[in-house]
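To keep things clear, I will list the structure first and then write my remarks on it.
The values are calculated or read from the model by the stated rules, or taken from the named source; none is laboratory data. Computed from a prediction, not measured in an experiment: that's the story for all the values here. Ideal geometry is used to build each Cβ from the backbone, glycine not excepted, and the neighbour counts take in all protein chains shown. We work out accessible area using only protein heavy atoms, side chains counted, and drop any ligands, DNA or RNA first. Shrake-Rupley method; radii C 1.70, N 1.55, O 1.52, S 1.80 Å.
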Amino acid sequence: MPPVREALADAADRLRAVTDTPEFEAALLARHAWGWSRARLVLDAREPADTASLEPLIRRRLSAEPIAYILGRWEFFSIDLAVEAPLLVPRPETEHLVEAAIRHLGQRPARVLDLCTGTGCVAIAIARNAPVSGIVATDIHPVALRVAASNAAEYGIPLDVRPGDLFAALADGAAPFDVIVSNPPYVAETAWDTLAPDIRNFEDRGALLSGPDGLDCIRRIVRDAPLWLSPGGMLALEMGEEQGAVARALFTERGFRDVSIRQDLAGHDRVITGVWGAGA
């Protein structure tokens, strides 16, 4: 058997075909296969490598399967979460959605609604970093409902997970929310064939596509959110990098004030926020 160092180098060379971070992913897969810590991977670099257990994981990744599905876990907002196909893999861009909610909430207890919750990553991150008095998460996918509930339970968060399409999951007369957040489907149907294989071949199509221009779901949320927001409550949505102008118009025409667009680390429009009604 080759030493660990050589096995990692060989894995990285092969993984270059599917990722821009081959060394990082090779190390993640090796640690997962062998149950090793990051430190042991460095300290025991000259030890014989168990390539038999590593090889199946490399082959899965070479098929473009998202590494988060292979590992079964992924980090989001410094929280380690279970991830399961075909739910969207939590991405760094979505952390800006959490930041917007936390900034608006400050230190006052508040009710939060997370639409299209998926793994529950956004709801859980908000609940762990803001003094929420109640948090509800909705989704139409049964896998999302199960995984989100399990992730929340792992961190002791009383997440109220409800099945249904956006606001239809809420009971009539539910108390208004101080913040509504969502990472909704926002990819145009015509863009499907341009998506990377690890997205197109593995992640839920229904959680990605939203009409001819990708804005169908966003339009619905902007239209109905005021019915569920308290005065001074905020709506925050993730969106596509070219959707900022249209999304801003939707918010403004619906009557939201203080509409703002936040860029991701690449400088692309990513999160839009607006406040409903009079301030507190």
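General remarks:
- Total residues in the range 139-175 satisfying the condition of being touching a residue at least 60 places away in the same chain (Cβ under 8 Å), open to solvent by 20 Å² or more (accessible area, probe 1.4 Å) and more than 19 Å from the chain's Cα centre (by Cα): the figure is 1.
- Where residue 178 falls short, out of the listed (1) in a helix (DSSP H, G or I); (2) under 24 Å from residue 110 (Cα atoms); (3) touching a residue at least 40 places away in the same chain (Cβ under 8 Å): (1)
- Tally of residues being within 29 Å of the chain's Cα centre (by Cα) and open to solvent by 50 Å² or more (accessible area, probe 1.4 Å) across the range 1-12: 0
- Which listed residue is touching a residue at least 12 places away in the same chain (Cβ under 8 Å), of a type in the set (D, E, K, R), more than 16 Å from residue 181 (Cα to Cα) and open to solvent by less than 50 Å² (accessible area, probe 1.4 Å), from 224, 213, 264: 264
- Count of the range 194-218 residues, restricted to those that are closer than 20 Å to residue 19 by Cα and among the acidic types (Asp, Glu), is 2.
- Residue count for the range 227-253, restricted to those that are open to solvent by less than 10 Å² (accessible area, probe 1.4 Å), without any contact (Cβ under 8 Å) to a residue 40 or more places away in the chain and under 20 Å from residue 266 (Cα atoms): 2
- Residue under evaluation residue 191, criteria (1) of a type outside the set (Val, Ile, Thr); (2) assigned to a loop (DSSP other than H, G, I, E, B); (3) open to solvent by less than 40 Å² (accessible area, probe 1.4 Å), criterion not met: (2)
- Per-region count, the range 95-124, residues at positive phi and modelled with pLDDT under 95: 1
- When each of 251, 202 is tested for being in contact with a strand residue (DSSP E or B) (Cβ under 6 Å, 6 or more places away or on another chain) and not small (Gly, Ala, Ser), the lone residue that passes is 251.
- All positions within the range 12-57 that are out of contact with any Lys or Arg (no Cβ under 9 Å at 6 or more places or on another chain), among the aliphatic types (A, V, I, L, M) and assigned to a helix (DSSP H, G or I): 12, 28, 30, 33, 39, 42, 43, 52, 54, 57
- Of everything in the range 68-97 that is under 22 Å from residue 266 (Cα atoms) and of a type in the set (Val, Ile, Thr), the residue that is surrounded by the fewest Cβ atoms within 10 Å (Cβ to Cβ) is 89.
- Evaluating residue 105 against the criteria (1) buried (at least 22 other Cβ atoms within 10 Å of the Cβ); (2) of a type in the set (A, V, I, L, M, F, W, C); (3) touching a helix residue (DSSP H, G or I) at 6+ places or on another chain (Cβ under 9 Å) leaves one unmet condition, (1).
- Unique residue being at pLDDT 95 or above and within 17 Å of residue 102 (Cα to Cα) when the list is 238, 253: 238
- Close pairs from the range 42-60: first over 12 Å from residue 8 (Cβ atoms) and open to solvent by 50 Å² or more (accessible area, probe 1.4 Å), partner in a loop (DSSP other than H, G, I, E, B) and among the aliphatic types (A, V, I, L, M), Cβ under 6 Å, at least 6 apart: 48/1
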